[in-house]
Each structure stands twice: as structure tokens, then as C-alpha cells.
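Q: Just passing along the structure, written as C-alpha cells.
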Amino acid sequence: MPATEQTPTPINANKALWEKGDFTQIAASMRESGEALVATLGITPGVRVLDLGCGDGTTAVPAAQLGADVLGVDIASNLVAAGNARARSLGLDNLRFQEGDASDLNELEDDSFDVVISMFGAMFGPRPFDVAKEVVRVARPGGRIVMGNWIPGDPTLVAQILRISSAYSPPPPEGFVSPMTWGVEENVIERFGAAGVPEEKISFERDTYTFIFRGTPSALLSEFRTYYGPTMTAYEAAAASGREAELHSELDALFNEQNTSSSDDVTSIPATFLRVNVAV
Ligand SMILES: C[S@@+](CC[C@H](N)C(=O)[O-])C[C@H]1O[C@@H](n2cnc3c(N)ncnc32)[C@H](O)[C@@H]1O
């Protein structure tokens with residue numbers, strides 16, 4: 001190879017998936033639940049919080065508003081930029097965002113956070129055992145980890161979007177571990193166990209995030225179709241196999257069936273997740 005040619009950098013599919021759309025448009029419908037979740041964490045001024053897979057700060061912003069010293073880490077550069085812009089516009093100088101991968105947090109020191117939050121974030125990182133090891137490494141002894149994970153087979157919105165979408169998508173590459181496996185308690189225990197956390201320090205509860213959107217359920221689906229990487233990818237795959245209309249009709253029925261709002265102007269869809277609490 002001539003000296004001027006360089007080996008191309010391999011594409012990081014995980015990063016590309018989340019940079020593909022604009023998750024801020026979906027996150028806008030999750031703000032109330034993010035704030036409610038953070039209110040349960042007992043955060044006080046000065047607590048050091050890591051929000052991993054933070055998006056544009058649905059939980060990082062309310063944690064900073066409670067006075068915590070917050071670092072948001074996300075693999076998607078567009079979401080890091082959006083988060084930093086939100087922090088600036090809200091005047092939160094105790095909140096900053098930077099790029100990083102939940103599977104390899106080499107830029108973060110051991111024992112540096114009192115609380116690690118990861119709402120539907122770290123579950124998407126490749127190599128789940130590495131994710132658990134990294135999360136435990138950066139949390140200080142005596143600290144806490146709180147994860148929110150969608151649950152496979154759950155009948156509510158997000159698990160169903162991901163189930164329906166996968167039926168229209170090509171099979172994942174060999175060795176790919178589904179993010180949904182983080183929604184199974186035994187897997188969580190095994191992964192944190194391998195990172196040195198005994199089972200009795202892990203507790204689970206079923207909790208709910210409610211997507212609240214000004215518009216119809218079909219308009220909310222349109223937001224997912226236009227801005228949510230996994231749904232965009234499913235529509236592309238379905239179009240390539242001539243099944244786009246079929247996918248759309250399944251998802252449209254799902255969004256409409258799950259809407260609990262009685263107002264024509266507002267869509268409200270609760271989605272169940274597994275909340276994982278780990279005492280480090
Ligand atoms: C469903 S969104 C949730 C975002 C945010 N926690 C919220 O509740 O609004 C998933 C987030 O995880 C991020 N993510 C995916 N894989 C990641 C990885 N390996 N490391 C860090 N962040 C990751 C995505 O970029 C995206 O922001």
C-alpha cells in the first residue's frame with residue numbers, strides 16, 4: 001500500500017444508528033417522565049452524577065437543576081452537541097456532555113461518580129459484560145447505579161416497536177447481543193456479578209415512562225419514522241423488501257391502540273421498563 005493511503009476507519013454501527021436521526025425530537029416527549037425519575041433519586045447539591053447514553057439530557061438536565069455536578073456521556077456527537085446547547089441555554093454550568101461509549105469509558109477515572117444513571121442508554125452499548133464492568137468501575141464504592149431497560153416481550157410501546165421493527169429488518173450480524181437482553185433480571189444479575197457486584201446488592205422494579213406528545217398517535221409515529229434511528233432503519237429495510245406499507249400499518253395500529261389520552265390534541269402512551277438499582 002502506498003505510504004499516503006490509510007486503512008479506512010471501520011464504521012461503528014452502534015454510533016451510526018444513533019447519529020442517523022435526531023433523537024432530540026423523540027426525547028421531547030419523554031421530559032416529564034425523565035424529571036419524575038430523577039426526583040426519585042434523592043439527588044442533592046454537589047452529588048457527582050454520570051448520565052450514560054444521556055441523549056440531549058432528559059435526565060441529566062433535571063439532575064443538574066437539583067444541584068448535582070453532572071456529566072452526560074453519549075455515543076452520538078449530534079446529541080452531545082444538543083445537550084451542551086441545552087445546558088448553555090438553561091445556564092447550567094454544572095452540566096456538560098461529552099462523547100463516549102458505554103462499553104469502554106477509558107476517558108473516565110475509576111470511582112468518580114456517586115450516582116450513575118442510564119435510562120435506555122447503556123442497554124444499547126455493544127458487549128454488555130464490558131458495559132457492566134465499566135459502569136461499576138466509574139461508580140465509587142458506596143455509590144449507586146440506576147438503569148432503565150426495555151423488557152423483551154412486554155406488551156407496551158417501546159418493546160413492541162422494537163419487536164415489530166426487528167421482523168422487518170435483516171438479521172443482526174453474528175455475535176450481536178440484543179439490547180433487550182438487559183430487560184431480563186437474570187442477565188442483569190449475571191453481568192453485574194461478573195463485574196464484582198453480588199446479587200443481594202441488585203434490586204428490580206417495574207416502572208413506567210409516559211410519552212407525551214402534542215398531536216395524534218399517528219403524528220407521533222411520524223416523528224419516530226423521521227427521527228428515531230432504529231425505526232428509520234426498519235422502514236428502510238421494509239421498503240427494500242416491498243413491505244413498508246405493512247410495517248407502517250402495524251406500527252400505526254400499535255401507536256393508536258396504546259394511546260390513553262382522551263384529548264384529540266395530545267397523545268399519551270405509557271411504556272413499562274425494568275428499573276435496575278445497584279448498590280456499589
Ligand atoms: C433511547 S435513547 C435514550 C436517551 C436518554 N437517556 C433519554 O432518556 O432521553 C438511547 C441513547 O443511548 C445512546 N447510546 C447508544 N449506544 C451507546 C453507547 N454504546 N454508549 C453511549 N451511549 C450510547 C444513544 O446515542 C442515545 O442517545
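Q: So which of R31, R96, R86 ends up being modelled with pLDDT of 95 or more, away from the ligand (no atom under 15 Å from the Cβ) and farther than 16 Å from V146 by Cβ?
A: R96
Q: For region 81-197, which helices (runs of 4 or more DSSP H) that fit wholly inside it have 1 or more residues that are free of Cβ contacts under 8 Å to residues at least 12 places away in the same chain?
A: Where helices (runs of 4 or more DSSP H) fall fully within region 81-197 and carry at least 1 residues being free of Cβ contacts under 8 Å to residues at least 12 places away in the same chain, they are 157-168, 185-194.
Q: In this structure, is G55 on the phi > 0 side of the Ramachandran plot and open to solvent by less than 30 Å² (accessible area, probe 1.4 Å)?
A: Judged against the criteria, G55 is a match.
Q: Considering only region 110-120, I want to know if a residue exists there that is open to solvent by 10 Å² or more (accessible area, probe 1.4 Å) and closer than 19 Å to L274 by Cα.
A: Yes - at least one qualifying residue is present in region 110-120.
Q: Looking at the structure I just gave you, is A167 among the aliphatic types (A, V, I, L, M) and over 19 Å from the mean Cα position of the chain (by Cα)?
A: Judged against the criteria, A167 is a match.
Q: Between a first residue in region 199-212 that is closer than 12 Å to F273 by Cβ and in contact (Cβ under 8 Å) with a residue 40 or more places away in the chain and a second residue that is assigned to a helix (DSSP H, G or I) and among the acidic types (D, E), which pairs have beta carbons less than 6 Å apart while being 6 or more apart in sequence or on different chains?
A: Correct list of pairs: F204/E185.
Q: Still on this model: Which ones in region 59-80 are more than 21 Å from V138 (Cα to Cα) and either among the acidic types (D, E) or assigned to a helix (DSSP H, G or I) (or both)?
A: P62, Q65, S77, N78, L79
One line per residue, one yes/no per condition, for (1) open to solvent by less than 70 Å² (accessible area, probe 1.4 Å); (2) modelled with pLDDT of 95 or more:
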| position | (1), (2) |
| --- | --- |
| P230 | yes, no |
| Y235 | yes, yes |
| A238 | yes, yes |
| E246 | no, yes |
| D252 | yes, yes |
| E257 | no, yes |
| T260 | no, yes |
| R275 | yes, yes |
| V278 | yes, yes |
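The values are calculated or read from the model by the stated rules, or taken from the named source; none is laboratory data. All figures in this text were calculated on a predicted structure; none of them were measured in a lab. Please note: Cβ atoms are built from the backbone with ideal geometry, for glycine as well, and neighbour counts cover all protein chains shown. The area values use the complete protein model at the heavy-atom level, side chains included, leaving out ligands, DNA and RNA. Shrake-Rupley method; radii C 1.70, N 1.55, O 1.52, S 1.80 Å.
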